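Notes follow the structure.
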Amino acid sequence: LTKKQSAIVKVLDRMVVCDVDKKTMVISIDVTDQNAVICAMMADTVKTRLQKFITDYRTSKARVDLEYSQKLYKEAKVRYDKARRMYADFVDHNQEIMLETVRIRQTELENEMQLQYNAYQQIASQLLAAEAKVQQETPAFTTLQSATVPVRKKGPKRAQMCIIFVFLAFLGTSVWVLHKEDDLKPLLGMS
């Protein structure tokens, strides 16, 4: 990050505070700014991004497993369809032939088709389990209290800021006037 971006991050870090209650797993988001509407919008944005991050984090491995299961499922389906077509073509072309070699080849093709079907069924059940795992790992979020614009703002207090600036202006003006009148050095004990 550049220096300017780092400064913005530090300001935002002070403005946005997330607290997690480990017992109840409740996340509280507090945003402090001069504009109450901006606070509410920032709290809502932080909530949305935090939900997405937590969901992605918790389900990442399950989603990778699901993608792998989907790939295996497609491959098994292709192999099963190929074995099924080969068996059907062989049976159709050799229906009237009673040679033992034909029957052995038909049995081999039927066994291969059954083997591919069993593999296909097993991978299909693994795919269903992977889909269920993603659903199980996906956290459920409930908003207990939406971001609200408070009636009275918490801070920073404008009256307090005004008093501080008036005091600083008075102090600066007094020092300037004393310096202008050459009364500042004797007042400070400097000749």
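The values are calculated or read from the model by the stated rules, or taken from the named source; none is laboratory data. Predicted, not measured: the structure shown is a model, and the values here were computed from it. Quick reminder, even Gly has a Cβ in these numbers, built from the backbone with ideal geometry, and neighbours come from all protein chains shown. These accessible areas exclude ligands, DNA and RNA; they are computed on the full protein's heavy atoms, side chains included. Shrake-Rupley method; radii C 1.70, N 1.55, O 1.52, S 1.80 Å.
Along the chain, counting only GluC sites (Glu not before Pro) with a DSSP assignment other than H, G, I, E or B and at most 10 other Cβ atoms inside a 10 Å radius, the longest segment between sites is 1-95.
Extending 7 Å from Cα along the Cβ direction at T142 and again at I38 yields two label points whose distance is 3.4 nm.
Pairs spanning more than 23 Å between alpha-carbon atoms, out of K10/K157; K61/K82; K4/K52; K3/K52; K4/K157: K61/K82; K4/K52; K3/K52; K4/K157. Screening the chain for whole DSSP H helices of 30 Å or more along their axis (Cα) with average Kyte-Doolittle hydropathy at least -1.0 returns 36-93, 100-137, 158-180. Of the residues K82, K23, K157, the one that moves most in a GNM of the chain with alpha-carbon contacts below 10 Å is K23. T101 contributes an accessible area of around 100 Å² to the protein surface, as traced by a 1.4 Å probe with all chains present.
Contact order, relative form, for the chain: 25 percent (alpha carbon pairs under 8 Å, 6 or more residues apart, mean separation divided by residue count).
Dividing the summed helix terms, -39500 (n - 2.57) for each DSSP H run of n ≥ 4, by the number of residues in the chain produces a 222 nm estimate of -25500 deg cm²/dmol to the nearest 500. On alpha carbon coordinates alone, what is the Rg over Rh value for the chain, Rh being the Kirkwood radius? A ratio of 1.49.
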